[in-house]
Amino acid sequence: MNPKIPDRKFLERAVADSEVNALRMALFQATRDPEIAAVKAERVEGAVADTVVFTDADTELIRSKAVDYLLAGEYADEDQTPSDDEITDLIRMAEARELADDNMFMRRQILSFPEWPFQRTSTDTNPAPEGYSVAIIGAGFSGIAMGVQLARLGIPFTVYERRSEIGGVWSINTYPDVRVDTLSASYEYSFEKKYPWTEYFARQSEVRNYLDFVARKHGVFEHIVFDADVTAAEFADDAKTWSLTVSVADQEPTTVVANAVVAASGLFATPRELPVEGAAGFSGQIVHTTEWNDSIEYAGKNVAIIGNGSTGVQLLSKIASEAASVTVYQRTPQWISPRAKYGEAISEELQWLFQTMPFYWNWNKYIAGFASNDLRDLLIADEQWIADGGDVNRRNDAMRDMLVGYIRKQVNDREDLVEKLVPDYPPMTRRPVVDNQWYASLTRDNVELVTTPIQRLTDSAVQTSDGTVRDADLIIAAVGFQTEKFLWPTEYIGEDGVRLEDVWAAEGAQAHLGMTVPGFPNLFMLYGPTSQPVASGAGLPIWLETWCSYIAELILEMLEKGYGSTAIRREAFDHYNEQLHKEASRLIYLSQTSATRKNYYVNKFGRLQVSAPWDGEVYFAMCVNPRIGDFEFAFASAE
């Protein structure tokens, strides 16, 4: 039954707020209107990514026809999933270019036409024997995705969450103006359609509420044990089970046995300490951004913000608007870029369009990730371009010019600031940061940017290495996380008593597809080492779903064949990581500069530790289904 249709004026505002390419694709898919098919879409290369644009006349045609379609009220059936060939043709139309067939597999999935596009949803039998259980460590995006997958398959599981609520990083980070730095449309699960986000870039509270909603709706919430800290997990070689040491609230630690463990503790689980002499004697307040709470007062105070990564950039504008003074201590300049519609609300009219226009949600989701499909091009040096006087390649250098121009405009061409703010390394070498009026805030009378290194804290001030002392009542430590500590702080002990931390001590954390490690049977990781693709076309939650399906396939293989354990074979693990490091060597992440040595994408051994170096389609094909021959399976010993 179609909803009540608003008047034309309302619909005109709705389509005016829409993404015009998404609107075009949704309208064409719903109507197959030849006039819409004939619209000429031009693919334009930008400094960061390509865009698809239309003439003003064609834009008006698309919007006008969309209003007429919506007014008529005879809407297409969204439950009819197009064939792969149809979707392929539509994608080529949307991207305004020819794409090879092997670039289509992941793209078709991102559109999320089926109810469950990325997850395994059924099994022929119910193979889990009595007492079987999977332990999931963490109830953030990763843990909830795994819980949803197991719930769909009827596999018993328990989620252990050390905090008192769902959310992971979206529970622990509540500092001023914290929000996602990718569009909400790409920062959501594919199976939860048309969630009514209120902003283009959702705030922390809305993201946490979204996770809570998903967990309750899809049968995960009742499986969560809160205030449960898993401090250790040890594999039993004979029984092929894991023994978990769990501390729940103020109770004595208990031992829990699980057949498999999914480590979903995330990359940003362990805050980095503020490495400054004199912190213990500081009479004011020092707050790491993960410790923020509503009792912290900054209005009228002298505030020091240490750090200018994503966190420090997000909170400056809000703090500066109320503090007496703010001193920003910058160690390394960042490439900080604008995002269209950042901080803006989604209008009531556009909300209606999302809920009502057939296929608009799907195409908006696709186009939200559209720009990241080709980002890998920015990361590969062009030797001829460099020989001719360039820095990296044509596109990366164009991005640099664009960002330098943006910096100048934001700081009103103040050379004293430009000199401090423009990095000496290429864009994309480090994680890009989204601007939240950070540059503009530096021009305020009550804000000072300091690039001289901090020497120590006195009882009431910050002293830099040049001897300058600046008063501070409140120090905000926006110094990030110990991202090298994957799966931290749980201690994992695998076969023959080997500690995972010791395995990773030689060259840093490594895993097969970011999920498994030899010698640690039935231990699976989400958002593990080198798992985040450098160019994906999809938001992180969709990758989490993909990895969850992969893990579920291995668990089902064990259950259906009666095995007690599975582990990646050493030769498969070694071959994969050799290929990974070979591919990574092509990327500018590994250029030997001081900036990249401080980059959390690269570990202290000069190896990529966060990102998978392939483009999204290549990596997605690896992660869709496990190659069973790459794993060794074993039966549990008889009691």
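The values are calculated or read from the model by the stated rules, or taken from the named source; none is laboratory data. Just so it is clear, the structure is predicted and the values come from calculations on it, not from any experiment. Here Cβ is always computed from backbone atoms with ideal geometry, including for glycine, and neighbour counts include all displayed protein chains. Ligands, DNA and RNA are stripped out before the accessible areas are found, and what is left, the full protein with its side chains, is counted by its heavy atoms. Shrake-Rupley method; radii C 1.70, N 1.55, O 1.52, S 1.80 Å.
Taking only pairs six or more apart or across chains, which ones have beta-carbon atoms under 8 Å, a first residue in the range 394-418 that is closer than 17 Å to ARG339 by Cα and open to solvent by less than 50 Å² (accessible area, probe 1.4 Å), and a second residue that is of a type in the set (Phe, Trp, Tyr) and outside any helix (DSSP H, G or I)?
LEU403/TRP335
Please list, ordered by first then second residue, the pairs with beta carbon atoms under 6 Å, 6 or more apart or interchain, first in the range 175-194 and closer than 25 Å to THR121 by Cβ, second in a loop (DSSP other than H, G, I, E, B) and of a type in the set (S, T, N, Q).
SER190/SER112
Within the range 279-374, considering only strands (runs of 3 or more DSSP E) that don't extend past its boundaries, which have at least 3 residues that are touching a helix residue (DSSP H, G or I) at 6+ places or on another chain (Cβ under 8 Å) and closer than 24 Å to PRO541 by Cα?
Where strands (runs of 3 or more DSSP E) fall fully within the range 279-374, none carries at least 3 residues being touching a helix residue (DSSP H, G or I) at 6+ places or on another chain (Cβ under 8 Å) and closer than 24 Å to PRO541 by Cα.
Looking at the range 312-326, can you tell me whether even one residue there is at pLDDT below 95, under 26 Å from the mean Cα position of the chain (by Cα) and either surrounded by 21 or more Cβ atoms within 10 Å (Cβ to Cβ) or among the β-branched types (Val, Ile, Thr) (or both)?
Looking for residues that are at pLDDT below 95, under 26 Å from the mean Cα position of the chain (by Cα) and either surrounded by 21 or more Cβ atoms within 10 Å (Cβ to Cβ) or among the β-branched types (Val, Ile, Thr) (or both), one finds none in the range 312-326, hence no.
Kindly indicate the residue of the range 375-418 that is aliphatic (A, V, I, L, M) and assigned to a loop (DSSP other than H, G, I, E, B) and also nearest to TYR619 (Cα to Cα) among those meeting that condition.
So, considering only residues that are aliphatic (A, V, I, L, M) and assigned to a loop (DSSP other than H, G, I, E, B), the one nearest to TYR619 (Cα to Cα) is ALA381.
When you look at THR174, is it within 28 Å of GLY514 (Cβ to Cβ), surrounded by fewer than 21 Cβ atoms within 10 Å (Cβ to Cβ) and modelled with pLDDT of 95 or more, yes or no?
So THR174 does not fit the description; no.
Taking into account only those residues within the range 548-566 that are open to solvent by less than 10 Å² (accessible area, probe 1.4 Å) and in contact with a strand residue (DSSP E or B) (Cβ under 9 Å, 6 or more places away or on another chain), which is farthest from ALA263 (Cα to Cα)?
That would be MET558.
Results for (1) among the β-branched types (Val, Ile, Thr); (2) assigned to a helix (DSSP H, G or I); (3) out of contact with any Pro (no Cβ under 6 Å at 6 or more places or on another chain), shown as yes or no for each residue.
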residue: ALA509; (1), (2), (3): no, no, no
residue: PHE520; (1), (2), (3): no, no, yes
residue: GLY528; (1), (2), (3): no, no, yes
residue: PRO533; (1), (2), (3): no, no, yes
residue: TRP543; (1), (2), (3): no, yes, yes
residue: ALA552; (1), (2), (3): no, yes, yes
residue: MET558; (1), (2), (3): no, yes, yes
residue: GLU571; (1), (2), (3): no, yes, yes
residue: GLU583; (1), (2), (3): no, yes, no
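Can you tell me which residue within the range 419-429, out of those that are assigned to a helix (DSSP H, G or I) and touching a residue at least 12 places away in the same chain (Cβ under 8 Å), is least open to solvent (accessible area, probe 1.4 Å)?
LEU421
Would you mind telling me which numbered condition in (1) part of a loop (DSSP other than H, G, I, E, B); (2) closer than 26 Å to GLU192 by Cβ; (3) open to solvent by less than 10 Å² (accessible area, probe 1.4 Å); (4) not charged (D, E, K, R) PRO626 fails?
Result: PRO626 passes all but (3).
Scanning for something of a type outside the set (Ser, Thr, Tyr), assigned to a loop (DSSP other than H, G, I, E, B) and without any contact (Cβ under 8 Å) to a residue 40 or more places away in the chain, does the range 475-491 turn up at least one residue?
No: the range 475-491 contains no residue that is of a type outside the set (Ser, Thr, Tyr), assigned to a loop (DSSP other than H, G, I, E, B) and without any contact (Cβ under 8 Å) to a residue 40 or more places away in the chain.
Kindly evaluate VAL262 against the criterion of being more than 30 Å from ILE551 (Cα to Cα), in contact with a helix residue (DSSP H, G or I) (Cβ under 6 Å, 6 or more places away or on another chain) and touching a residue at least 12 places away in the same chain (Cβ under 8 Å).
It is false that VAL262 is more than 30 Å from ILE551 (Cα to Cα), in contact with a helix residue (DSSP H, G or I) (Cβ under 6 Å, 6 or more places away or on another chain) and touching a residue at least 12 places away in the same chain (Cβ under 8 Å).
Of the numbered conditions (1) farther than 27 Å from ASP471 by Cα; (2) in contact with a Ser or Thr (Cβ under 8 Å, 6 or more places away or on another chain), ILE407 fails exactly one; give the number of that condition.
With respect to (1) farther than 27 Å from ASP471 by Cα; (2) in contact with a Ser or Thr (Cβ under 8 Å, 6 or more places away or on another chain), ILE407 is out only on (2).
What tally of residues in the range 458-498 results from selecting those that are open to solvent by 60 Å² or more (accessible area, probe 1.4 Å) and under 15 Å from PHE524 (Cα atoms)?
Result for the range 458-498: 3.
Restricting attention to the range 156-213, which residues are out of contact with any His (no Cβ under 7 Å at 6 or more places or on another chain), β-branched (Val, Ile, Thr) and farther than 29 Å from GLU297 by Cβ?
THR182
Residues checked against (1) open to solvent by less than 60 Å² (accessible area, probe 1.4 Å); (2) touching a Pro at 6+ places or on another chain (Cβ under 7 Å); (3) of a type in the set (Val, Ile, Thr):
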residue	(1), (2), (3)
ARG179	yes, no, no
ALA185	yes, no, no
THR198	no, no, yes
ASP212	yes, no, no
SER243	yes, no, no
ALA249	no, no, no
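Identify, from the list ASP212, ASP124, the residue that is of a type in the set (D, E, K, R) and assigned to a helix (DSSP H, G or I).
Exactly one residue qualifies, and that residue is ASP212.
Give me the pairs: first residue in the range 220-234 and closer than 16 Å to GLU165 by Cα, second residue of a type in the set (Gly, Ala, Ser) and surrounded by 15 or more Cβ atoms within 10 Å (Cβ to Cβ), beta-carbon distance under 7 Å, and six or more apart or on different chains, which are they?
Correct list of pairs: VAL220/GLY147; VAL220/ALA151; PHE221/ALA215; HIS223/GLY147; ILE224/ALA139; ASP229/SER247.
Can you give me the number of residues within the range 454-501 that are small (Gly, Ala, Ser) and either touching a helix residue (DSSP H, G or I) at 6+ places or on another chain (Cβ under 8 Å) or within 30 Å of ASP237 (Cα to Cα) (or both)?
Of the residues in the range 454-501, 5 are small (Gly, Ala, Ser) and either touching a helix residue (DSSP H, G or I) at 6+ places or on another chain (Cβ under 8 Å) or within 30 Å of ASP237 (Cα to Cα) (or both).
List pairs: first residue in the range 450-463 and in contact (Cβ under 8 Å) with a residue 60 or more places away in the chain and part of a loop (DSSP other than H, G, I, E, B), second residue surrounded by 18 or more Cβ atoms within 10 Å (Cβ to Cβ) and not basic (Lys, Arg) anywhere in the structure, Cβ distance under 6 angstrom, at least six positions apart or on different chains.
Going by the 6 Å Cβ cut-off, the qualifying pairs are THR451/GLN330.
Residue-by-condition table, conditions (1) open to solvent by 20 Å² or more (accessible area, probe 1.4 Å); (2) within 30 Å of ASP397 (Cβ to Cβ); (3) touching a Ser or Thr at 6+ places or on another chain (Cβ under 9 Å); (4) not in a helix (DSSP H, G or I):
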{"position": "VAL15", "(1), (2), (3), (4)": "no, no, yes, no"}
{"position": "GLU35", "(1), (2), (3), (4)": "yes, no, no, no"}
{"position": "ALA49", "(1), (2), (3), (4)": "no, yes, yes, yes"}
{"position": "ALA66", "(1), (2), (3), (4)": "no, no, yes, no"}
{"position": "TYR69", "(1), (2), (3), (4)": "yes, no, yes, no"}
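When residues of the range 347-367 are filtered for being touching a Ser or Thr at 6+ places or on another chain (Cβ under 9 Å) and under 15 Å from PRO114 (Cβ atoms), how many remain?
Residues meeting the conditions: 4.
Residue by residue through the range 160-175, note down the ones that are of a type outside the set (A, V, I, L, M, F, W, C), within 17 Å of the chain's Cα centre (by Cα) and on the phi < 0 side of the Ramachandran plot.
SER171, ASN173
May I ask you to say which residue of LYS40, LYS9 is in a loop (DSSP other than H, G, I, E, B) and at pLDDT 95 or above?
Unique residue meeting the criteria: LYS40.
Return a yes/no flag: does the range 575-582 have any residue that is touching a Gly at 6+ places or on another chain (Cβ under 8 Å), closer than 19 Å to LEU375 by Cβ and open to solvent by less than 50 Å² (accessible area, probe 1.4 Å).
no
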